[in-house]
Amino acid sequence: ETIQIQTESKEYPVFVGEGCRNELPVFLTNHFPDLTRILIITDETVAKLHLDTLLQVLKPWEPIIFTAPPGEKAKTFEVYYDALTTALASRLDRKSVVLSFGGGAVGDLTGFVAASFMRGIPFIQVPTTILAHDSAVGGKVAINHPLGKNMIGAFYQPEAVFYDLELLNTLPIHEIRSGFAEVIKHALIADPHFYDWLRLNIHNLNAITKEQLSGSLVQGIKIKNKFVSQDEKETGIRAFLNLGHTLGHAIEAEMGYGNFTHGEAVMIGTIFALKLSNNLLGLSFNISEFIDWVTELGYETTVPKQLSFESLIAKMRQDKKSVGDAIRFVLLEQVGHPLLQEVSEEVLWQELTRF
Ligand code: NAD
Ligand code: ZN
């Protein structure tokens with residue numbers, strides 16, 4: 001299946017399917033007739049598991065490989081600098097292509113390398129995680145600063161995304177959960193039918209069928225596209241994609257990146273946002289049923305005990321989306337109807353105590 005992503009600055013295809021990496025050569029030949037070089041940026045784990053498979057397809061181009069450390073460690077200034085050194089030393093030019101091969105961390109790093117090398121050269125994403133249905137679409141690319149995650153970056157859209165589902169077979173269960181939390185988030189903010197379908201059909205993330213996975217990812221990508229296409233630079237509705245992320249980011253940061261996956265933290269934040277929505281906006285939503293379902297899927301549903309409310313609230317105050325003293329949350333009036341709501345620290349404190 002092909003989903004066409006439409007933003008103000010660019011239109012590009014996302015190819016989704018088993019084995020769709022095999023379409024890469026034709027795409028490259030058609031779209032880059034003068035292609036000089038390909039730089040693949042990947043991480044150690046993905047390289048070990050899947051690089052040979054990708055290289056078989058790209059052999060004629062003799063790609064240059066840059067391997068980053070796995071996970072969030074890929075998104076440092078040092079790794080970014082080393083990747084640029086490789087690009088310069090290998091004499092990449094404006095007619096070269098940078099190809100990202102990995103999860104969201106590698107995608108964010110690679111996109112920023114592509115955006116900044118010679119003021120921007122073409123970039124293609126070959127995502128290898130479920131979470132990347134979110135991160136590979138929409139053109140936010142970034143690395144981290146010690147003072148803040150994703151603080152150094154750009155909006156830079158890829159030329160295409162080749163989402164080959166065969167590459168997802170090796171994902172550990174925590175990474176499956178991480179990505180699937182964003183699928184559930186997409187359903188909650190945009191599509192009650194999709195949400196009901198998920199809740200009725202998905203009961204074991206270890207045993208999800210290919211059809212269920214591909215259906216979920218395609219629908220998630222379409223929803224992400226809907227928000228991004230109307231608001232590429234996040235001045236308005238794109239912010240709704242942050243459901244669950246205000247508390248989720250705070251939990252992730254306080255736990256230390258790598259100790260808790262992004263999506264698993266976002267799931268706790270989502271439950272919190274649903275409770276706030278029930279109490280502040282009269283959302284009618286059966287939260288205990290939701291908690292039972294996601295518990296069955298293996299998610300944690302409460303804030304880890306070792307974290308203090310003070311430090312979580314302090315972290316939430318630093319959120320890019322917060323203004324002044326109020327902490328801004330994405331809440332739901334109904335499933336499919338998100339809105340932004342400022343919540344006082346007093347109310348937050350109460351809700352966290354009850355949570
Ligand atoms: P990731 O790249 O860190 O991948 C998670 C882990 O899975 C890594 O250890 C990786 O080596 C491993 N892995 C990747 N593919 C694998 C495979 N096929 N088999 C086995 N292991 C594999 O990150 P992620 O979870 O995909 O994404 C999280 C990152 O994405 C964060 O840095 C976050 O900030 C970013 N993100 C960006 C956006 C955006 O819009 N740009 C949106 C959401 C998240
Ligand atoms: Zn997220």
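Odds and ends about this structure:
Table: residues versus (1) within 21 Å of residue 163 (Cα to Cα); (2) within 13 Å of ligand 1 (Cβ to nearest atom); (3) in contact with a strand residue (DSSP E or B) (Cβ under 8 Å, 6 or more places away or on another chain); (4) at pLDDT below 95.
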| site | (1), (2), (3), (4) |
| --- | --- |
| 195 | no, no, no, no |
| 200 | no, no, no, no |
| 204 | no, no, no, no |
| 222 | yes, no, yes, no |
| 227 | yes, yes, no, yes |
| 244 | no, yes, yes, no |
| 249 | no, yes, yes, yes |
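- Residue count for segment 255-301 satisfying the condition of being of a type in the set (A, V, I, L, M, F, W, C) and either closer than 17 Å to residue 245 by Cβ or not assigned by TED's automatic domain parsing to the domain that holds residue 341 (or both): 12.
- Filter pass, residue 106 being of a type in the set (A, V, I, L, M, F, W, C), surrounded by 17 or more Cβ atoms within 10 Å (Cβ to Cβ), within 16 Å of ligand 1 (Cβ to nearest atom) and not in a helix (DSSP H, G or I): no
Conditions (1) of a type outside the set (D, E, K, R); (2) at pLDDT 95 or above, marked per residue:
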{"site": "10", "(1), (2)": "no, no"}
{"site": "45", "(1), (2)": "yes, yes"}
{"site": "48", "(1), (2)": "no, yes"}
{"site": "52", "(1), (2)": "no, yes"}
{"site": "66", "(1), (2)": "yes, yes"}
{"site": "84", "(1), (2)": "yes, yes"}
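- Counting only helices (runs of 4 or more DSSP H) that sit completely within segment 250-347, those holding 1 or more residues that are small (Gly, Ala, Ser) and under 19 Å from the mean Cα position of the chain (by Cα) correspond to 262-281.
- Test: residue in segment 319-337 that is at pLDDT 95 or above, of a type in the set (Lys, Arg) and touching a Lys or Arg at 6+ places or on another chain (Cβ under 9 Å): no
- Only one entry in 95, 59 is touching a Ser or Thr at 6+ places or on another chain (Cβ under 7 Å), more than 16 Å from ligand 1 (Cβ to nearest atom) and of a type in the set (D, E, K, R), namely 95.
- So residue 141, is it more than 26 Å from residue 255 (Cα to Cα), within 16 Å of ligand 2 (Cβ to nearest atom) and of a type in the set (A, V, I, L, M, F, W, C): no
The values are calculated or read from the model by the stated rules, or taken from the named source; none is laboratory data. Computed from a predicted structure; not experimentally measured. Cβ coordinates were reconstructed from backbone atoms using ideal geometry, including for glycine residues, and neighbour counts include every protein chain displayed.
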